[in-house]
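Reviewing the structure listed below.
FYI, it's all coordinate maths here, none of it is from the lab. Everything numeric here is computed off the predicted structure, so don't read it as measured data. Here the Cβ positions follow ideal geometry from the backbone for every residue, glycine too, while neighbour counts run over all protein chains shown.
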């Protein structure tokens, strides 16, 4: 159960409540609410990146500072393909 995490999309951070969803479920739901149709998801150490069909990506992060760490380690992320 998670809550108080951050969605980074379109160069903006927004604090969101996952309402008991897993991080992946929450990332998919919040990205969808923001207009992102998920095509791929990558997970790394508490960060979920949702790649949007047609371009762009949304990231669910434990803190805004985790974005920098994720970019340094994103090659280590586990990815799920073909989500749409």
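When the range 60-84 is filtered for residues that are in contact with a strand residue (DSSP E or B) (Cβ under 7 Å, 6 or more places away or on another chain) and in a loop (DSSP other than H, G, I, E, B), the ones remaining, listed by number, are 62, 63, 64, 77, 83, 84. Only one of the numbered conditions (1) in a loop (DSSP other than H, G, I, E, B); (2) surrounded by fewer than 16 Cβ atoms within 10 Å (Cβ to Cβ); (3) touching a residue at least 24 places away in the same chain (Cβ under 8 Å) is not met by residue 36, and that is (2). Among the residues making up the range 2-17, those that are out of contact with any strand residue (DSSP E or B) (no Cβ under 6 Å at 6 or more places or on another chain) and touching a residue at least 12 places away in the same chain (Cβ under 8 Å) are 2, 3, 4, 10, 17.
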